[in-house]
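Heads up, the thing below is written out as structure tokens.
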Amino acid sequence: MNRLCDVEPRVMDDEMLKLAVGEQGPRDEAGQLAKQEGILFKDVLSLQLDFQNILRIDNLWQFENLRKLQLDNNIIEKIEGLENLTHLVWLDLSFNNIEAIEGLDTLVNLEDLSLFNNRISKIDSLDALVKLQVLSLGNNQIGNMTNIIYLRRFKDLRTLSLSGNPVAEAEDYRTFICAYLPDLVYLDFQRIDDHMKELAEMKHQCSVDELKHQESLMQAQLEEEQARWEELEGHKAAFVEHLNGPFLFDSMYAEDVEGSQLSHLPGVGELVQTYKDKFVIICLNIFKFGMKQQEKRKAELDTFMGCVQEAIQEKQEQGKHEIAKFEEKHLLTLSSIRDESELTNFEIKMAEHSENITELVNVLMTLEMQLVEQLEETINMFERNIIDLVGLFVENVQSLMAQCRDLENHHHEKLLEIAISTREKIVKGELDEDLPDAVRALFVDKDTIVNAVGASHDIHLLKIDNREDELVTRVNSWRAHLVDKIHKDEIMRNRRRMKEINQYVDHVQSELDSLEYSDLLD
Amino acid sequence: MLVAPSWSEVGHSECIYSSYRDLISRQSETQQMEVLKEKVEEEEEAERAEQAERAERAKKMMRPMEVRKEDTTRTQEMLRDLERKLSEIEVSIPEKPSTFTKDAIDTSKLPLSYQSNTPKEEHLLQVADNFSRQYSHLCPDRVPLFLYPVNECSVPKFVSTTIRPTLMPYPELYNWDTCAQFVSDFLSAVPLPDPLKPPSYLYSSTTVLKYQEGNCFDFSTLLCSMLLGAGYDAYCVYGYGSQDLCHMDLTREVCPLTVKPKEMVKEEEKAPPKKYAVKPPRDLTSRFEREQEIKRQEGVKAEEEKRLKQGERLAEQESAKTDPLHGLRVHSWVLVLSGKREVPESFFIDPFTARSYSTQDDHFLGIESLWNHKNYWVNMQDCWNCCKDLVFDLGDPVRWEYLLLETDKPLLSLTEEEDDGMNDDDDVENLGKEDEDKSFDMPCSWVEQIEISPEAFETRCPNGKKVIQYKRARLEKWAPYLNNNGLVCRLTTYEDLQCTKILEIKEWFQNRKDMLELKHINKVTGLNIDYFKPGHPQALRAHSYTSMQPEMDRVMEFYETARVDGLIKREETPRTMTEYYQGRPDLLSYRHVNFGPRIKKLSLNSAESNPRPVVLRHSLPTSHPTHVLACQKITERFSRNPAKPADEDVAERVFLLLDERIQLRYHCREDHLTASKREFLWRTEGDSKGNKIIMTPDMCLSFEVEPMEHTKKLLYQYEAMMKLKNEEKLARHQAWESELEVLEILKLREEEEAAHVLTISIYDTKRNEKSKEYREAMERMMLEEHLWQAEAQLDYLAPFLAQLPPGEKLTRWQAVRLKDECLSDFKQRLIDKANLIQARFEKETQELQKQQQWYQENQVTLTPEDEDLYLSYCSQAMFRIRILEQRLNRHKELAPLKYLALEEKLYKDPRLVELLKVFV
């Protein structure tokens, strides 16, 4: 691998690239044209840069659409500068001095990767290459069998070459690979026959099964996570996440030191429990209501979108029809004008056709204006409805939240009562149970205990308020955003259509004008 | 209309009923029955006296009836008068033998049930006779019933027993429509001997089927038998039909095959307007004006329709002559009542034409009686309004008088009627006998099992051919394989009622090798359309043409799934060819080729030298530049390829070969109105300096919906153009190939038409020669094998076993002895054979020695002739001796082997094996 070391390395500069592109570009007549015009790097699909003594990959960022890149037989030491070449399908880096696989994370379309005859000792950093089909890693320094297990993630991998690695000298090298990569068809340029597959299966069945089991477990876990995440997303879209359980209640007590301390008082435990039950029931109500409302909103949105789409489609069909009609006439008129020899007739026809064009513009514009008006009306109606829906939702949630607050107030009163009575008991020395010191400290005097209970209450109320505010602001912002987007989309659509019509009419007019011009020239 | 006159008093049915019941109950009391009979006979006697007169009168009365038919507004008085007169008319069953007897029927070979009556049948006949007498007594104004006509052996048989319910073994005959069609096809109709009377005879269905001929009663009996067998609630009806019906005259009916099925105008279900559906733009036209306009148009249309209808009606009336015997013509048909086999509504089937009619149809003018295999019912309802008011509730004794009591039909309560009955004195006995009476049911049918052989079923019509004349149409039917071109049906439609101007001809074919199914010839336009079933070698579906010459107007449709190129349709005119495709990988859906005018000189040259001038017409430009002119324009359209962006997906490309111009139109983007266009101009001449122009910006004119940078490049355009040039060549080549294919198909069609080969199913064992041969060969082989086996199984133990007492089991000792005997016998035979050969050998040798001796002695005196004789003898004798010697040696060699073989065989013989085992 030390060959070429005595040769002076070359830099990948514009000149070199241009030369390569020019040489590998189109031939013959097309080549002349290409030379005349010059080839833009971003139009190049395939590039060959072998035997150039390149040390460092550079200057390739312009080749955005490159599909095939050959950099073999150079002295490259590090894979770099390929980040922009996302369309790359075929990459040849064989016969270089690369030591580690890296810098391939953006090449998601890569199917064929050759790293033959390098100094690689470990297979990794290939995770992004999900479409990989052919991998050539022969004549490297891969020494560990576990590298092969890494290749199991490439479902499309069919061809692999690893000969010339230390790993290939192992006794069960072939069977090991066949067992762990059962979809592989060619190994080291040989087709894997069925006999070999059977043999491999027999030999490594146990370990492969174990691996498979682990993998499936992982997969299941992943899927579960995914499902959970999706569910939460759904809840979030309904603005009622974490309301289908005691989550809110728990969060109320999470930062409440006094509250948890007070729960050690006799009778408080039961009180908190009943309070929690009631609270959770209300939360669940909010959740259910929220989900239902979400569905309603979604249905509303779907019908709206459907109707808008229908209306647009209808006008579009009409417009297409008009244009088709016009086009027919246009072609006929153009040819007749072309054949016209008399100037007066020519001018009359020109004028007539100009009128035709104006008429077409009028028709198309009328259609568009009609559509704009119709859609405006519809959008306004939808806006009103969605505001109503959101308002209803917020109102209901607020009333339910108020119930929560009532519960909290009620609880607070009860707690206060118990606290005061306990304090009295402590003062009288009648208290039987042992209380932790921290709790006992609260009962130093009446103010302290009242303050403690009050602080707990405040924290609870704050939590409830926060949750409510969050919900309301989010739903409102969603609504505003949605309506805004609909308006914007509509405006964009209108502009695009206007532009399209104008462009078309300009084109038609220019066709007519060019006739005039050419005629005048004659 | 008048034949079943209105009888208002309903009570008489009860009379008949009770009298009938009485009759049954007092069968033992023959005396009284005799009295009753006598009474009736007396009446008949009196009537008979006037018979001659009556016949005369009946004829006279015909006229008033006619009058009445035409003039329905008669006064009550006149009506009553007429009724009275009519009531005097009574047509009795004619005594004379029917004029329509088949002498050919060999009655002697018919089974016994045909030639005689069982006691039960005799009994039934008596009941029927009595019923008929009472009926004629009680309803003297009605014609006698059709109860027990004679059969082919001149034995009277009750009509119900002539019906033999049979389910045919053909699945095609499971439904009423196919059954009726079969009966109408299979039998040829014979008119009644007297159109005003039912026949005096009714043959069995088996005889009718044998001779394939019958009158309407035979038809309906056979059909009824089949329908009852198939589970329908069917009845034979004796009644009155229109002239067309009775004469099987369909000339005033529209052929069912010409009637186009009414297109179901499916009301598209309008989805309820959605919540956010946009409001339509305001309509500013006047609604009043629109309404007025619609009204006016409707008025005009109605007027026109009226006029048309009137014209038609006039024409019809002219053609339809009034029938003087209207309402008197006797006919028989089949009634199918609702209820069984999911028949939703009762209907009539005319067995002659196999058409079904509603029970309200105008063709059916009255019903006298009806019967099935179980019972007989007489209509007691008024038929003044044809059959329109009849109620087919056979359980209602007021409307339908039945002959036999039946258990499965609902009956009204009996008690009241008994009180009103005529024979009050026998009430007690009546009650006692009632249960028994009910049990008296119809005897089994005397008719043999109805059988239709598969050959007859396939041949269908008598001699396999049938012609039906409809209104402005003629239908001819043939049995399959009867015509050697596979023709099975031909429908000729005429323009006028006289059937002189042919409008169109439709011919149906079956079992054709070329899968031709229907040939439609329009005589007016000269357009022929051939329809094919799947399986034509060129996947042809339909071919419409005016002439078989190439380059004429024609349309060919194909089964696109059977073709590699997915071609659906190819339309041709002298100047164009249009092809439609489906399901191609390149998404080509349409190709249109315009041909320029043929160059005269060229065609003259090529027409003689080349049998296919068309081929030259678009041969590739390299072969002959002048021919390019012919193919002027090729238009190709493509479906949208979802894998490509719309701006790169070509929707239509037009190759203008004359101008060297290529036009491209791309697909329209989803949310756009306009589509991109591109036009390439091909310039071959060099520029002013003589350099060859490769590509200039004005060679490609394009309009792009969304202008893109890379498409402006000359290189891109150049490459696109080069590609298109290639495609153009390809398209031209394909057009040429298509033209070739058309010629090929035309040639093939001509060959097929000339040869018309019929296919024979491999399951058709009779027609399929190959399979027949094969089967016969198989049978022959089987037979030979059987013979051979029989020979091989020559039993060597048989003579020895015969010595032993038969049927006893062998003992071991016997078995051993048997074996030994057999072996010793065989040994003896071998020795005998050896001895025989030895003896012959010795004899031959002796003879030779004698001759030699004789020769030695007389050698000197012998003539050369004698010597020759001696020498030839010697050589022959020597030969014989040698052969004998050989045989002897061979026998000596083989004898021990043969012996051992037999021994072995004996040890293995199933009869001895058990017993000899020990010794082995």
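The values are calculated or read from the model by the stated rules, or taken from the named source; none is laboratory data. Quantities reported herein were computed from a predicted structural model and do not represent experimental measurements. Because the Cβ atoms are built from the backbone with ideal geometry, glycine has one as well, and the counts that use them run over all protein chains shown. When the accessible area is computed, the model is the full protein with side chains, heavy atoms only, and any ligands, DNA or RNA have been set aside. Shrake-Rupley method; radii C 1.70, N 1.55, O 1.52, S 1.80 Å.
Reported count of residues in segment A:130-148, each being more than 32 Å from the chain's Cα centre (by Cα) and of a type in the set (A, V, I, L, M, F, W, C), is 3.
Conditions tested, residue by residue: (1) modelled with pLDDT of 90 or more; (2) surrounded by fewer than 17 Cβ atoms within 10 Å (Cβ to Cβ).
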| position | (1), (2) |
| --- | --- |
| A:Phe95 | yes, no |
| A:Ile98 | yes, no |
| A:Ala128 | no, yes |
| A:Gln141 | yes, yes |
| A:Asn144 | no, yes |
| A:Asn147 | no, no |
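Selection of segment B:873-905 for residues being aromatic (Phe, Trp, Tyr) and surrounded by 12 or more Cβ atoms within 10 Å (Cβ to Cβ) yields B:Tyr873, B:Tyr899. Report yes if some residue within segment A:221-242 is on the phi < 0 side of the Ramachandran plot, out of contact with any helix residue (DSSP H, G or I) (no Cβ under 6 Å at 6 or more places or on another chain) and outside any helix (DSSP H, G or I); otherwise report no. No, segment A:221-242 has no match at all. Hey, any hits in segment A:309-326 for a residue that's more than 18 Å from A:Asp406 (Cα to Cα) and more than 14 Å from chain B (Cβ to nearest Cβ)? No, every residue in segment A:309-326 fails to be more than 18 Å from A:Asp406 (Cα to Cα) and more than 14 Å from chain B (Cβ to nearest Cβ). Within this structure, A:Arg423 passes the test of being among the basic types (Lys, Arg), open to solvent by less than 80 Å² (accessible area, probe 1.4 Å), modelled with pLDDT under 90 and over 30 Å from A:Leu364 (Cα atoms).
For segment A:12-48, taking the residues that are small (Gly, Ala, Ser) and away from every other protein chain (no Cβ under 14 Å), the one that is farthest from B:Leu715 (Cα to Cα) is identified as A:Ala20.
Scanning segment A:149-183 for residues that are assigned to a loop (DSSP other than H, G, I, E, B) and either more than 35 Å from the chain's Cα centre (by Cα) or surrounded by fewer than 18 Cβ atoms within 10 Å (Cβ to Cβ) (or both) yields a count of 12.
Residue under question is B:Glu267, and the condition is that it be modelled with pLDDT of 85 or more, over 30 Å from B:Thr359 (Cβ atoms) and of a type in the set (D, E, K, R); does it hold? No. Residues of segment A:294-331 that are among the acidic types (Asp, Glu) and in contact with a helix residue (DSSP H, G or I) (Cβ under 7 Å, 6 or more places away or on another chain): A:Glu300, A:Glu322.
Across segment A:380-405, the qualifying residues are those that are facing chain B (nearest Cβ under 9 Å) and of a type in the set (A, V, I, L, M, F, W, C), and the one among them that is least open to solvent (accessible area, probe 1.4 Å) is A:Phe382. Here A:Ile449 fulfils each of the conditions (1) open to solvent by less than 50 Å² (accessible area, probe 1.4 Å); (2) modelled with pLDDT of 85 or more apart from (2).
Looking at (1) open to solvent by less than 30 Å² (accessible area, probe 1.4 Å); (2) in contact with a Lys or Arg (Cβ under 7 Å, 6 or more places away or on another chain); (3) free of Cβ contacts under 8 Å to residues at least 24 places away in the same chain, which is the only condition B:Val208 fails? Evaluating B:Val208 over (1) open to solvent by less than 30 Å² (accessible area, probe 1.4 Å); (2) in contact with a Lys or Arg (Cβ under 7 Å, 6 or more places away or on another chain); (3) free of Cβ contacts under 8 Å to residues at least 24 places away in the same chain leaves (2) as the failure.
Out of all the residues in segment A:501-515, is one or more modelled with pLDDT under 85, touching a His at 6+ places or on another chain (Cβ under 9 Å) and within 14 Å of chain B (Cβ to nearest Cβ)? Checked segment A:501-515: at least one residue is modelled with pLDDT under 85, touching a His at 6+ places or on another chain (Cβ under 9 Å) and within 14 Å of chain B (Cβ to nearest Cβ). Selection of segment B:219-231 for residues being open to solvent by less than 10 Å² (accessible area, probe 1.4 Å) and either over 14 Å from B:Leu370 (Cβ atoms) or hydrophobic (A, V, I, L, M, F, W, C) (or both) yields B:Phe219, B:Leu222, B:Leu223, B:Cys224, B:Ser225, B:Met226, B:Leu227, B:Ala230.
Residue-wise test of (1) free of Cβ contacts under 8 Å to residues at least 60 places away in the same chain; (2) within 21 Å of A:Leu512 (Cα to Cα); (3) in contact with a Phe, Trp or Tyr (Cβ under 9 Å, 6 or more places away or on another chain).
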position	(1), (2), (3)
A:Glu322	yes, yes, no
A:Leu331	yes, yes, no
A:Met350	no, yes, no
A:Phe393	no, no, yes
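When segment B:583-598 is limited to residues that are assigned to a loop (DSSP other than H, G, I, E, B) and not basic (Lys, Arg), the one that is most open to solvent (accessible area, probe 1.4 Å) turns out to be B:Pro585. The residues of segment B:635-677 that are within 12 Å of chain A (Cβ to nearest Cβ) and in a loop (DSSP other than H, G, I, E, B), listed by number, are B:Asp659, B:Arg669, B:Glu670, B:Asp671, B:His672, B:Leu673, B:Thr674. Residues in segment B:490-510 that are open to solvent by less than 60 Å² (accessible area, probe 1.4 Å) and either modelled with pLDDT under 85 or among the basic types (Lys, Arg) (or both): B:Asp496, B:Cys499, B:Lys506.
Of the listed requirements (1) touching a Lys or Arg at 6+ places or on another chain (Cβ under 8 Å); (2) within 30 Å of A:Leu389 (Cα to Cα), A:Asp484 misses just one: (1).
Within segment A:341-379, the set of residues being open to solvent by 60 Å² or more (accessible area, probe 1.4 Å) and of a type in the set (A, V, I, L, M) comprises A:Leu343, A:Ile348, A:Met369.
Do we have A:Asp28 as surrounded by 15 or more Cβ atoms within 10 Å (Cβ to Cβ) and either under 22 Å from A:Asn109 (Cβ atoms) or outside the structural domain of A:Ser114 (by the TED database) (or both) here? Against the criterion (surrounded by 15 or more Cβ atoms within 10 Å (Cβ to Cβ) and either under 22 Å from A:Asn109 (Cβ atoms) or outside the structural domain of A:Ser114 (by the TED database) (or both)), A:Asp28 does not qualify. Residues that are basic (Lys, Arg) and away from chain B (no Cβ under 14 Å) were ranked within segment A:268-297; the one that is nearest to the chain's Cα centre (by Cα) is A:Lys292.
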